[in-house]
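Asks: Got a structure for you, questions after.
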Amino acid sequence: QVQLVESGGGLVQPGGSLRLSCAAPTSLFRIYTMGWYRQLPGKQRELVARIISSGGTNYADSVKGRFTISRDNAKNTVHLQMNSLKPEDTAVYYCNGDPVIGAWGQGTQVTVSS
């Protein structure tokens with residue numbers, strides 16, 4: 001089982017910022033592309049950002065220009081800096097490989113509301 005632990009979520013006002021963190025096994029971080037996924041209320045889980053092992057990134061149009069994904073392979077961590085948050089960003093956020101491998105972690109709840 002691949003253990004993924006997400007943290008950093010919380011309640012934030014529209015326009016605010018949050019920084020999410022994910023700890024993952026070495027096997028995922030050394031060569032694997034990592035991604036941040038989110039599941040909006042009543043919706044399917046979607047990929048919002050991805051980062052390859054060497055640092056190249058891609059973003060969903062819905063978050064482009066507002067979110068930044070990064071990774072620290074030495075620490076086996078991946079982060080998602082979320083700025084200019086909108087109510088429609090409210091979701092449970094998860095990290096995993098791309099393609100997905102193993103089990104999902106518990107996720108971290110992000111709520112954007114005034």
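Asks: Determine the per residue accessible area of the range 16-114 with all protein chains present and a 1.4 angstrom probe, expressed in square angstrom.
Replies: Values: 4780 Å² over 99 residues.
Computed with neighbouring chains in place, this is 48 Å² per residue.
Asks: Per the helix-only calculation at 222 nm, which mean residue ellipticity applies to the chain, given -39500 (n - 2.57) for every DSSP H run of n ≥ 4 and division by its residues, nearest 500 deg cm²/dmol?
Replies: Helices in the chain give a 222 nm mean residue ellipticity of -500 deg cm²/dmol.
Asks: Turning to a different aspect of this structure: Work out, step by step, the length gained on full extension between Asp61 and Ser113: first 0.36 nm times the residue separation, then minus their alpha carbon distance; give nm to one decimal.
Replies: 16.6 nm
Asks: Please build a GNM for the chain, connecting alpha carbons under 10 Å apart, and tell me which residue among Ile52, Ile69, Ile101 fluctuates the most.
Replies: Ranking Ile52, Ile69, Ile101 by mean-square fluctuation puts Ile101 first.
Asks: Starting from 0.36 nm per residue, how many nanometres of slack lie between Ile31 and Asn76 once their C-alpha separation is accounted for? Show your work: numbers first, answer last.
Replies: Working: separation 45, 0.36 × 45 = 16.20 nm, distance 1.13 nm.
Between Ile31 and Asn76, full extension yields an extra 15.1 nm.
Asks: Mind listing the long-range amide H neighbours of Ala60? Cut-off is under 5 Å, sequence gap 5 or more, other chains count too, H placed in the peptide plane at 1.01 Å from N.
Replies: Residues meeting the criterion, in which the H sits 1.01 Å from N, are Ala49.
Asks: Then there's this: Which far-off residues, 5 or more places away or on another chain, put their amide H under 5 Å from the one on Asn96, with H placed in the peptide plane?
Replies: Gly35, Tyr37
Asks: Still on this model: Would you kindly derive the ³J(HN,Hα) couplings of the range 81-97 from the backbone phi angles with the Karplus curve 6.51 cos²θ - 1.76 cosθ + 1.60 (θ = phi - 60°), listing them in order in whole Hz, with x for Gly and Pro?
Replies: My calculation for the range 81-97 gives 8, 10, 10, 6, 5, 10, x, 6, 7, 4, 5, 8, 9, 10, 10, 5, x Hz in order.
Asks: While we're on this one: Apply the Karplus curve 6.51 cos²θ - 1.76 cosθ + 1.60, θ = phi - 60°, to the phi angles in the range 44-56 and return the couplings in whole Hz, x for Gly and Pro.
Replies: Running phi through 6.51 cos²θ - 1.76 cosθ + 1.60 with θ = phi - 60° gives 6, 5, 9, 7, 10, 7, 9, 9, 7, 4, 8, x, x Hz.
Asks: How about the range 27-68: which trypsin sites (Lys or Arg not before Pro) there are in a DSSP loop, with at most 16 other Cβ atoms within 10 Å of their Cβ? Spell out each step's value before the answer.
Replies: Values: sites: Arg30, Arg38, Lys43, Arg45, Arg50, Lys64, Arg66; in loops: Arg30, Lys43, Lys64, Arg66.
Those satisfying the criteria are Arg30, Lys43, Lys64, Arg66.
Asks: Would you grab the residues whose amide H sits under 5 Å from the one on Thr77? Only those 5+ places off in sequence or on another chain, please, with H modelled 1.01 Å from N.
Replies: Long-range HN contacts for Thr77: Asp72.
Asks: Rounded to whole Å and sorted largest first, what semi-axes of the equivalent ellipsoid does the C-alpha gyration tensor of the chain yield via the square root of 5 times each eigenvalue?
Replies: Taking √(5λ) for each eigenvalue gives 22, 14, 12 Å, largest first.
Asks: Please work out the Cα center distance from the range 80-114 to the range 23-64, rounded to the nearest Å.
Replies: Their Cα centres are 9 Å away from one another.
Asks: Net charge within 13 Å of Leu18 by Cβ-Cβ distance, Lys/Arg positive one each and Asp/Glu negative one each, not counting Leu18 itself?
Replies: So the surrounding residues net to +2.
Asks: With θ set to phi - 60°, apply the Karplus curve 6.51 cos²θ - 1.76 cosθ + 1.60 along the range 99-112 and write out the HN-Hα couplings as whole Hz, x wherever there is a Gly or Pro.
Replies: Listing the rounded values in order: x, 4, 9, x, 8, 6, x, 6, x, 9, 7, 10, 10, 10 Hz.
Asks: Also: Sequence neighbours fewer than 8 away in the same chain don't count; with that in mind, list the aspartates and glutamates whose C-alpha is under 16 Å from Lys86.
Replies: List returned: Asp61.
Asks: Further question: Between Ser53, Ser70, Ser27, find the one with the highest GNM mean-square fluctuation for the chain; connect C-alpha pairs within less than 10 Å.
Replies: Ser27
The values are calculated or read from the model by the stated rules, or taken from the named source; none is laboratory data. Quick caveat, the model's predicted, so the values are computed rather than measured. Quick reminder, even Gly has a Cβ in these numbers, built from the backbone with ideal geometry, and neighbours come from all protein chains shown. Note: areas computed on protein heavy atoms with side chains; ligands, DNA, RNA excluded. Shrake-Rupley method; radii C 1.70, N 1.55, O 1.52, S 1.80 Å.
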